[in-house]
Amino acid sequence: MRKLILAGVAAVFMMAPAFADDPIVIKFSHVVANDTPKGKGALKFKELAEKYTNGKVKVEVYPNSSLYKDKEEIEALQLGSVQMLAPSTAKFAPLGVKEFEALDLPWLFKDDDTYAKAMKGPIGKWLFKKLEAKGITGLAYWDNGFHMVSANRPLIKPADFEGLKFRISGSKIADRYFRDLESIPQIMAFSEVYSALQTGVVDGCENTPSNYLTQKFYEVQKDITVSYHAHLQYAVIVNSKFWNGLPADIRGELEKAMDEATDYTNSIARKENEDALASIKASGKTTLHYLTDDERKQWQTAMQPTYKWAKGRVGQEVLDLISKELDVKMN
Ligand code: LMR
């Protein structure tokens with residue numbers, strides 16, 4: 001009899017959904033290595049969130065596409081299978097918000113400070129508002145610097161791009177500027193890029209130094225142009241239903257953890273990328289090329305049609321806002 005009662009108690013325990021003092025689990029999925037600005041930012045958020053909530057929240061970080069690849073992770077967030085992501089804003093079209101792609105316009109941000117100011121100000125806020133209707137809440141923007149571009153031949157003049165296939169991450173604006181250069185862009189998940197470069201499925205790609213280093217792209221690309229032609233930024237996003245359903249005091253602590261993790265990530269991004277570039281150079285496995293002012297102007301002229309084209313893709317409103325805030329001409 002006693003055995004039966006014990007077995008019954010055990011069964012009830014096993015079936016019980018969650019106890020009041022079970023931690024709230026936040027699964028945070030992303031596609032890059034731990035040793036990058038985003039990877040380090042996610043781990044910093046975990047550390048602070050668990051500390052500030054006294055262990056009431058447990059953050060499980062899944063780096064390097066170990067849980068989901070690019071497109072799958074966005075679907076998983078909508079379904080509630082993960083609670084937090086930090087995709088590059090170039091990947092937001094499947095959420096139905098193409099406006100983020102305006103941030104991919106070539107040479108839009110003249111430097112890191114211009115970028116940081118824009119995202120903290122009206123542009124960043126306006127874009128996050130667009131997410132609300134999709135059941136997604138934007139918590140922060142994380143920086144990862146500017147894109148380089150590479151192939152197995154030097155890319156110095158616009159004509160050098162002609163006929164080459166380039167992997168892009170998702171944005172139609174990037175698709176457009178690669179087409180302006182007479183090359184052939186192809187969307188591909190981040191986790192597949194190394195092998196696509198290695199096997200020649202694509203000839204080249206664009207990315208930041210920290211991603212080139214940690215994914216070893218530089219080992220399978222003979223020539224990298226340090227062009228810094230477009231910016232890579234992330235939006236840390238959560239499922240609104242999950243986020244708004246958290247007890248207010250817990251949410252407050254998580255917001256504090258996110259604010260600090262954001263300051264940390266944005267403060268290390270530039271140095272991480274400079275160090276990554278130095279390591280790539282020191283490896284001797286690829287040749288780095290730098291554009292002269294005149295060469296850069298030639299690229300800018302060749303990519304200029306993207307600005308005119310962008311209106312049909314992202315809409316006039318976001319372009320007007322960016323043009324006003326950054327004091328740039330849109331066509
Ligand atoms: C890419 O797909 O190239 C990037 O968005 C990866 C990342 O998250 O930095």
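Data for the structure
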{"read-out": "Every pair of residues 6+ apart whose Cβ atoms lie under 7 Å, when the first sits in region 30-45 and is in contact (Cβ under 8 Å) with a residue 24 or more places away in the chain and within 13 Å of the ligand (Cβ to nearest atom) while the second is open to solvent by 10 Å² or more (accessible area, probe 1.4 Å) and of a type in the set (Ser, Thr, Tyr)", "value": "Val31/Ser65; Val31/Ser191; Val32/Thr214; Ala33/Thr214; Asp35/Thr214; Thr36/Thr214; Gly41/Tyr264"}
{"read-out": "Given (1) open to solvent by 70 Å² or more (accessible area, probe 1.4 Å); (2) within 22 Å of Ser88 (Cβ to Cβ), number of the condition Tyr290 does not satisfy", "value": "(2)"}
{"read-out": "Ser81 vs. criteria more than 23 Å from Ala310 (Cβ to Cβ), touching a His at 6+ places or on another chain (Cβ under 9 Å) and hydroxyl-bearing (Ser, Thr, Tyr)", "value": "no"}
{"read-out": "Test for Ala257: is it among the hydrophobic types (A, V, I, L, M, F, W, C), within 14 Å of the ligand (Cβ to nearest atom) and open to solvent by less than 10 Å² (accessible area, probe 1.4 Å)", "value": "no"}
{"read-out": "Of all residues making up region 195-227, the number that are open to solvent by 20 Å² or more (accessible area, probe 1.4 Å) and farther than 21 Å from Asp35 by Cα", "value": "6"}
{"read-out": "Members of region 59-102 found to be within 13 Å of the ligand (Cβ to nearest atom), surrounded by fewer than 20 Cβ atoms within 10 Å (Cβ to Cβ) and among the basic types (Lys, Arg), listed by number", "value": "Lys69, Lys71"}
{"read-out": "Qualifying residue in region 235-246 (condition: touching a residue at least 12 places away in the same chain (Cβ under 8 Å), within 14 Å of the ligand (Cβ to nearest atom), part of a helix (DSSP H, G or I) and in contact with a Ser or Thr (Cβ under 8 Å, 6 or more places away or on another chain))", "value": "no"}
{"read-out": "Top-ranked residue of region 276-318 - restricted to ones that are of a type in the set (Val, Ile, Thr) and touching a helix residue (DSSP H, G or I) at 6+ places or on another chain (Cβ under 6 Å), ranked as nearest to Lys125 (Cα to Cα)", "value": "Val318"}
{"read-out": "Residue selected from region 162-176 under the condition assigned to a helix (DSSP H, G or I), open to solvent by 10 Å² or more (accessible area, probe 1.4 Å) and in contact (Cβ under 8 Å) with a residue 24 or more places away in the chain, by the criterion farthest from the ligand (Cβ to nearest atom)", "value": "Arg176"}
{"read-out": "Residue match in region 148-161 (condition: touching an Asp or Glu at 6+ places or on another chain (Cβ under 7 Å), surrounded by fewer than 22 Cβ atoms within 10 Å (Cβ to Cβ) and of a type in the set (Val, Ile, Thr))", "value": "yes"}
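The values are calculated or read from the model by the stated rules, or taken from the named source; none is laboratory data. As the structure is a prediction and not an experimental result, all values here were calculated from the model. Glycine also receives a Cβ, built like all others from the backbone with ideal geometry; neighbour counts cover every protein chain displayed. Keep in mind that these areas ignore ligands, DNA and RNA; they rest on the heavy atoms of the full protein, side chains included. Shrake-Rupley method; radii C 1.70, N 1.55, O 1.52, S 1.80 Å.
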